[in-house]
Structures are given as structure tokens and as C-alpha cells.
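Take a look at the structure below.
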Amino acid sequence: MLRLLIVVAPLIGLAAVGAAFSQESSGESAPPPASHASVVAQYPIPDVRLVRDDGKAVSLPEEMNDGRPVVLNFIYTTCSTICPLMSQTLAQFDHELGADRERVHLMSISIDPEQDTPARLHEYAHKFHAGPEWQHYTGTAQASLAAQRAFNVWRGDKMGHSSVTLVRAAPGTPWLRIEGFVTPHELLQQYHHLLEQSGHTVATR
């Protein structure tokens, strides 16, 4: 069950994300909303196994609880609107982390696992220049659905999905849930703020 803790005011400023997306993707994109809202919440991690884009079967709790901060989203490779924009945002966020990217675990879970094989996810990840800190996951339909429901992103089918980014400072700490589109710079600010609130040291570049 979802337990809300803190509500953070909506933020404005999405033009940079739209511009970055238009430069990197030739697919059509839906107009981003005018703002995003952030909520802090607890989510139970389902005990399911997924398959990474390198073909290795892994435990979702073990992947998320490896000690690193986690930035999580849900995508599918044939999406031509929301997913490329979210992935481009995560790619730019990863770039702006600089050397600190090695300390973060970026995770993208497919909501279309029947189509998204590890090979397709690997190709998709390569398109966004994903390094070893950013991994993409597929698996059975049941496992993907369990993950979507656990993080309250399931919307009935892949066509009804929305833009959600989740950030957690460390295992056992609450998640910051960002609804709507966020710029890479805004995501970086919220990530650093979350680490500071959790007592983690934020390195400066």
C-alpha cells in the first residue's frame, strides 16, 4: 500500500527537456505538460526476477538494494512519445553527474516485456549511450506487472502509461516520485537534495 509522507510543490521549466528530445529523436513527441509534481512515498519492492539487457537473470530487490542511490523509470522500446523523452532526460542527467555517475544505479524496467527482449533493450540502451551504471530490464509479463503495480505506474496497458521518475537515496529510505516531465537539471537538483536530506555526502564537480 502506498504511504505518502511529504508533498513538494510543482516545479516549472520543461523547455530544455523538449529541446533536448527534439535534437536526439526523430520520432513524434507529445507536448510535455506545463509542470511536474513531486511526492515522497514508500514502496514495497516485489520479490520478482527480471532479466537485464546483458541477458542475466537477477533479483529485483537485490538490484535495487546494492547500496547505491537508485533512479528508476518504466519504458518500452517501441514507444515514440513519452519513453524517448524520459530516456533522453536520464541520459543527460547521467552525463551531468560526471564522475559521480559510478555511484548511482539508473534502472529502466520495460512495461512491454513480451516485445522487449534483452537484445532489443541493449540496442535501445546503446541509442541513449547508457553506461554500466544504467541498466534496462525485462522478464515475464507477470514480473513486469508486479513491478509496475508495486510502484503505482500500471495504467492498464502500455498505451496508457505516463511519465514517472522515482529516486531513492539508499535502501530502506523513502522514494521521491516525480510525476510529469522533469528537466535533467531539475532531476539533478532533486537528486542532490534527496541525498543531503538522507545524510549522504554529495560530491561537487
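Residues in the range 61-92 that are farther than 24 Å from residue 160 by Cα and among the aliphatic types (A, V, I, L, M) were compared, and the one that is nearest to the chain's Cα centre (by Cα) is 70. Contact map, the range 51-74: residues that are over 20 Å from residue 115 (Cβ atoms) and polar (S, T, N, Q) paired with residues that are modelled with pLDDT of 95 or more and in a strand (DSSP E or B), Cβ distance under 7 Å, separation 6+ or inter-chain. Pairs shown: 59/49. Does residue 93 count as within 14 Å of residue 105 (Cα to Cα), among the aromatic types (Phe, Trp, Tyr), in contact (Cβ under 8 Å) with a residue 24 or more places away in the chain and crowded, with 20+ Cβ neighbours inside 10 Å? Judged against the criteria, residue 93 is a match. Just one of (1) farther than 23 Å from residue 159 by Cα; (2) surrounded by fewer than 17 Cβ atoms within 10 Å (Cβ to Cβ); (3) modelled with pLDDT of 95 or more fails for residue 99. It is (3). Across the range 150-185, the qualifying residues are those that are free of Cβ contacts under 8 Å to residues at least 60 places away in the same chain and surrounded by 15 or more Cβ atoms within 10 Å (Cβ to Cβ), and the one among them that is nearest to the chain's Cα centre (by Cα) is 154.
The set of residues in the range 45-80 that are β-branched (Val, Ile, Thr), under 16 Å from residue 125 (Cα atoms) and in a loop (DSSP other than H, G, I, E, B) comprises 77, 78. For the range 136-143, check the following and say yes or no: at least one residue is buried (at least 20 other Cβ atoms within 10 Å of the Cβ), touching a Ser or Thr at 6+ places or on another chain (Cβ under 6 Å) and among the β-branched types (Val, Ile, Thr). Yes, some residue in the range 136-143 is buried (at least 20 other Cβ atoms within 10 Å of the Cβ), touching a Ser or Thr at 6+ places or on another chain (Cβ under 6 Å) and among the β-branched types (Val, Ile, Thr).
When residues in the range 115-161 are screened for being farther than 26 Å from residue 197 by Cβ and assigned to a loop (DSSP other than H, G, I, E, B), 15 of them pass.
The values are calculated or read from the model by the stated rules, or taken from the named source; none is laboratory data. Predicted model only: the values in this text are computed from it and were never measured. All Cβ positions, glycine included, derive from the backbone under ideal geometry; neighbour counts span all protein chains shown.
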